[in-house]
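Read-outs: derived from the displayed coordinates by stated rules, not from any lab. Because the structure is predicted, anything quoted here is derived from the model rather than measured. Neighbour counts run over all protein chains shown; Cβ positions are idealised from the backbone, glycine included.
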Amino acid sequence: MPSHDTQTDAAEQAPVHVDHLIENGELAAENAWCVSYDGEVLPEQRPAFVPLALWQANQDDAELAPLLASDTELTAELGSALKASPAIAIDFPAFTDGRGYTIARLLRERYGYTGEIRAVGDVLVDQLDYMRRCGFSTMALRNDQDPEDAIRALKAFSVRYQTDVEERQALFERRLAANR
C-alpha cells in the first residue's frame, strides 16, 4: 500500500480542471483546458497547460500550452518562443505572490504576446481587476470563489488613474488631451 506522502504527491500531480473560468470579463460557458503540474509526464487529458520545460520538449503538440511558474525568468529568447503558443498559463502558487502580474505585463508590453494569458492557481476575486490590467485575458478562479462576485468585481471600476496594458495614458493625460 502506498504511503500517505505518495498519495498526496499523486494528487498534486493529477491534472486540475477549474469549474469557474472568467474569460474577457465574462463567465466562460466551458473550460476545455486542464492544468498539469507534472513536469515529467504528459497528461492524457487534452488540451492541457504543462510546465514550461515539458512544453518546450513537445512544442509540436498543438494541444499543449506552457504553464509558467511564478519564478520564470522571461528572457528575449523565451519571450520570442512563447509567441508560438495560442495560450499561456501563469501559476499563482499563493494569492500573496505577485510575480505573475509582472510576467503577464512583460509578455504583453515587452514581447508583444497577443494570445490568451490565463491566471491559474490561488486566484481570488479581489485580484481580477489587477490581473486584467496587467494583461490576463482569462482567470481560473479558486473553487471557493463565487463567479458572480468575480463578474461584479471586474465591473467595479469605471475610471483608473494609472496606465495599464489596455490604457496607455494616465487619467491626467487623457484629460489634458480632451481639453486641447
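Brief remarks follow.
- Distance between the 7 Å Cα→Cβ label points at THR75 and ALA53: 1.5 nm.
- Extending 7 Å from the Cα toward the beta-carbon at both ARG110 and ASN143 defines two label points whose distance is 3.6 nm.
- FRET efficiency, TYR130 to ALA84 (Cβ-Cβ, R0 22 Å, nearest 0.05): 0.20
- Remark: the range 80-94, residue by residue, has Karplus-estimated 3J(HN,Hα) of 5, 5, 5, 4, 6, 8, x, 8, 9, 9, 10, 7, 10, x, 8 Hz, where x stands for each Gly or Pro and the curve is 6.51 cos²θ - 1.76 cosθ + 1.60 at θ = phi - 60°.
- Here the Karplus curve 6.51 cos²θ - 1.76 cosθ + 1.60, taken at θ = phi - 60°, turns the phi angles of the range 132-138 into couplings of 4, 5, 8, x, 6, 9, 9 Hz, with x standing for Gly and Pro.
- Built amide H within the under 5 Å cut-off of ALA65, gap 5+: ALA48, PHE49, VAL50
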